[in-house]
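The values are calculated or read from the model by the stated rules, or taken from the named source; none is laboratory data. Treat the numbers as computed from the prediction; the structure is a model and nothing was measured. When we count neighbours, we look across all protein chains shown, and the Cβ atoms used for this are built from the backbone with ideal geometry, even at glycine. With ligands, DNA and RNA removed, areas are computed over all heavy atoms of the protein, side chains included. Shrake-Rupley method; radii C 1.70, N 1.55, O 1.52, S 1.80 Å.
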Amino acid sequence: MNFFLTEEQQVLQQAVREFAREEIAPRSAEYNRRHEFPWENFRRLAELGYLNMHLPEEYGGQGLDWVSYAIVIEELARACAVTAVIYEVHCSLHSEAIYLFGTEEQRRRYLPRLSRGELLGAYALTEPQAGSDAAAIQTRAERVGDEYVLNGQKIFITNGGVADVYIVFARTHPDPSLRHKGITAFIVEKGTPGLSFGPPERKMGLHASHTTAVYLENVRVPVENRLGPEGEGFKIAMAILDRGRIGIAAQAVGITQAAFDEAMKYATERHTFGKPIIEHQAIAFKLADMATELEAARLLTYRAAFLMDQGVPCTKEVAMAKLFASEVAMRQTVEAVQILGGYGYMEEYRVERLMREAKITQIYEGTSEIQRLVISRHLLKELQAARG
Ligand code: CAA
């Protein structure tokens, strides 16, 4: 076993940390206050070559591993959780889907431009009646000649409206009892007649991230834009979420790290009863728990990414990382607010925003309950396999 990052990973970590601290963090509060999509951050990520680093060079990437990917998201989230999720959806939920399941023609048409930041990507699975139960989606895609005609509605789509290209999941078979077997994936471009978007949702946190409904009214998509074979869409959605959830786990680790940084700073500066509050056991023990849980969440996240790099099945380990890291983020951002007391409740101090941002990591890309379902199903399968 080796718990050390490679030299390349350490160099990358240092570089993205400095970039995020100097450029991303100072802009974060203002973008969120204005509910404004941080285009400048996306543009800079593209300029510096951070987009799609995990893809091969021929598609505009650098062939980096998933551990490096997790490191980048963690450092971005430490500075700005919004920038981290925009990056995550663009790189793993969207670009990775085209890379893994696209034809060579689709890869060449989209990936280099996605990697250069000329296009922004999104992933549209969730519907009003189908969130956790993703196989229950109702959006229809009917084959008519050389086209598919899509009708339906998606909700809560990250990068909705601002993205140029959408991975859309729809039923190519009318019988809903077929569940996942009737679902197919499509690449749908903004500007296609019949594709429209709701206004950005007003959310508890991540205010600068655009989350919208996506409406499909007789949207005609050429057969060449089908992603993977008919009926394989659900498996594509799940395989991609295995990658995406590593990113959300890393985002949760970054949010927790930011809360820890703020709490440590405050605890050493603030005095009560004649000494810094870190010297009171009540606060010192909170910080000790925070540091320990943070480290455990990071280790689970890096291990999930490492397993993905080895090409071994790791759905269970990814779910464990996402579950644990997001629960830690929620618990420990609440503790950070408590350590800062009244100041922690004020917008001026970052911890109240971190607390609101942590909440979504327990919900999107599969709630904590869905991660527990995935983990427990694997446990049962492993037990059955062991018993023969
Ligand atoms: N990889 C590949 N294939 C997989 C898979 C995986 N990780 N998980 C399941 N499958 C396959 C199964 O093997 C099965 O295939 P067969 O028919 O060949 O056996 C098929 O998919 C169906 O699997 P299940 O029977 O397990 O399906 P299910 O209906 O019971 O649902 C679920 C499984 C895990 C609950 C799934 O519905 C799920 O993950 N739900 C949560 C949805 C979710 O995460 N949504 C997030 C939206 S995106 C988002 O949030 C982005 C954002 O805003 C940032």
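I want the antiparallel fraction of DSSP beta bridges within the chain, as a percent rounded to 5.
Here the share of antiparallel DSSP bridges comes out near 85 percent.
Provide the per-residue ³J(HN,Hα) series for region 280-285, in order, calculated from phi with Karplus coefficients 6.51, -1.76, 1.60 and θ = phi - 60°, each as a whole number of Hz, with x at glycine and proline positions.
Rounded to whole hertz, the list is 8, 4, 4, 7, 4, 5.
Using +1 at the C-beta of Lys and Arg and -1 at the C-beta of Asp and Glu, which of ASN2, VAL82, ASN151 has the Cα lying farthest in the positive direction of the dipole of the chain?
Looking along the dipole axis, the top candidate is ASN151.
What's the carbon and sulfur percent of region 18-61's accessible surface, probe 1.4 angstrom, rounded to a whole number?
Looking at region 18-61 in its full context, I get 47 percent from C and S.
Quick check for me: using +1 on Lys/Arg Cβ and -1 on Asp/Glu Cβ, what's the dipole size of the chain about its Cα centre, in debye to the nearest 20?
Roughly 800 debye, rounded to the nearest 20.
Which longest run of the chain has no exposed loop site in it, a site being trypsin sites (Lys or Arg not before Pro) in a DSSP loop with at most 12 other beta carbons within 10 Å, and the site itself not part of the run?
Longest stretch, sites excluded: 203-388.
Positive end of the charge dipole of the chain (Lys, Arg +1 and Asp, Glu -1 on Cβ, about the Cα centre): tell me which of TYR110, HIS271, PHE285 has its Cα farthest that way.
Farthest towards the positive end: PHE285.
How high is the relative contact order of the chain, given as a whole-number percent (alpha carbon pairs under 8 Å, six or more residues apart)?
Relative contact order for the chain comes out at 16 percent.
Across region 169-183, in residue order, what do the Karplus-derived ³J(HN,Hα) couplings come to in whole Hz, using 6.51 cos²θ - 1.76 cosθ + 1.60 with θ = phi - 60° and x for Gly and Pro?
Using θ = phi - 60°, the values come out as 9, 8, 8, 8, 10, x, 7, x, 6, 6, 6, 5, 5, x, 9 Hz.
Quick check on region 39-158: what does the Kirkwood estimate of hydrodynamic radius come out to from the alpha carbon pairs, in Å?
Computed over Cα pairs of region 39-158, the Kirkwood hydrodynamic radius comes out at 15.7 Å.
What does the charge count near ASP133 come to, summing +1 for each Lys or Arg and -1 for each Asp or Glu among other residues with Cβ under 13 Å from its Cβ?
My count for the surroundings of ASP133 gives -1.
As a test of understanding, state the convex hull volume per residue of region 200-295 from its alpha carbons, in Å³.
Expressed per residue, the convex hull around the Cα atoms of region 200-295 is 155 Å³.
Which aspartates and glutamates have a Cα less than 14 Å from the Cα of LYS359, not counting those fewer than 8 places away in the same chain?
Of all the aspartates and glutamates, those that pass the test against LYS359 - Cα under 14 Å, at least 8 places apart if same chain - are GLU327, GLU335, GLU369.
Can you list the residues, at least 5 places off or on another chain, whose amide H is less than 5 Å from the amide H of VAL162, using H built in the peptide plane?
none
Which ³J(HN,Hα) values in Hz, rounded to whole numbers, follow from the phi angles of region 321-332 under the Karplus curve 6.51 cos²θ - 1.76 cosθ + 1.60, where θ = phi - 60° and Gly and Pro get x?
5, 5, 4, 5, 5, 6, 5, 5, 4, 5, 4, 7
What aspartates and glutamates could a cross-link reach from LYS154, if we take a straight Cα to Cα line under 12 Å and drop same-chain neighbours fewer than 8 places away?
Output for LYS154: GLU127, GLU217.
How many percent of Cα pairs in region 176-250 exceed 16 Å?
Taking all Cα-Cα pairs of region 176-250, the fraction more than 16 Å apart is 67 percent.
Roughly how compact is region 235-386, stated as its Cα Rg over 2.2 N^0.38 Å to two decimals?
1.19
Along its three principal axes, how long is the chain when you only count alpha carbons? Whole Å, largest extent first please.
Cα spread of the chain along its principal axes, largest to smallest: 79, 56, 41 Å.
From the P(r) of region 122-232, can you give the percent of Cα pairs sitting at distances over 22 Å?
27
Working from the alpha-carbon coordinates of region 284-357, get Rg over Rh, Rh being the Kirkwood radius.
Here Rg/Rh amounts to 1.11.
Go from 0 up to the bin containing the longest alpha carbon distance in region 332-371, width 10 Å each, and give me the % of pairs per bin.
All Cα pairs, binned at 10 Å, distribute as 33, 39, 22, 5 percent.
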